[in-house]
Amino acid sequence: MNRDRLLLAAGALVVIVGTIVVAGRWRPANNANFPNGTWWMCQNPACKAEFSMSSRELGAWHSKHYGEPLPCPKCGQANVIRAEKCTSCGKVYPAEGAVACPSCGHKPE
Ligand SMILES: [Zn+2]
Ligand SMILES: [Zn+2]
């Protein structure tokens, strides 16, 4: 009985350590993908705020609010989507499904 519990505890430990290792590996990849930070757009029609967060800020927020959706810093609603900022004209547009800037047609690198 005791041996089973030990095995269970060891198994749980492996899962925890594995999660930490995976989380640690994900972070550098994230930084490489978003060297200029990430852009977000508020979907609240009365707000429509556009804001950016660096990978570090985003990582810090997620570690404090694990599993929660990101809130808008202006209206506070958790109704934001990932966005892309055009490096050519500076327009912020929804990232999902976008291949080029809807304003000037510039494609993100
Ligand atoms: Zn908002
Ligand atoms: Zn553009």
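What FRET efficiency comes out for ARG82 versus SER103 if R0 is 25 angstrom and r is the Cβ-Cβ distance? Round to the nearest 0.05.
0.90
May I ask which residue of SER52, TYR66, CYS42 lies farthest towards the positive end of the charge dipole of the chain, with charges of +1 (Lys, Arg) and -1 (Asp, Glu) on Cβ and the Cα centre as origin?
TYR66
Mind checking the angle between helix 2-33 and the chain's longest principal axis? C-alpha axes, 0 to 90 degrees, to the nearest 10.
It is inclined by approximately 20 degrees.
Could you tell me the accessible area of SER63 in Å² (1.4 Å probe, neighbours in place), rounded to the nearest ten?
In the full protein context, SER63 sits at about 90 Å².
What do you get for the angle between helix 55-64 and the principal long axis of the chain? Use alpha-carbon atoms, 0 to 90 degrees, nearest ten.
Roughly 50 degrees between the two axes.
Gain in length, ARG3 to ILE16, computed as 0.36 nm per residue apart minus the alpha-carbon separation, to one decimal in nm?
2.7 nm
Rounded to the nearest 20 debye, what is the charge dipole size of the chain about its Cα centre when +1 sits on each Lys and Arg Cβ and -1 on each Asp and Glu Cβ?
Dipole size: approximately 160 debye.
Kindly report the accessible area of the chain per residue (heavy atoms of protein chains, probe 1.4 Å, no ligands, DNA or RNA), in Å².
75 Å²
For the chain, modelled as a GNM with alpha-carbon contacts under 10 angstrom, which of LEU13, LEU58, LEU70 fluctuates the most?
Per the Cα network of the chain with a 10 Å cutoff, LEU13 tops the list.
The values are calculated or read from the model by the stated rules, or taken from the named source; none is laboratory data. All values reported here derive from a predicted model rather than from experimental measurement. Don't worry about glycine lacking a Cβ; one is built from the backbone with ideal geometry, like all the others, and counts go over all protein chains shown. What goes into the accessible areas is simple: the full protein's heavy atoms, side chains included, and nothing from ligands, DNA or RNA. Shrake-Rupley method; radii C 1.70, N 1.55, O 1.52, S 1.80 Å.
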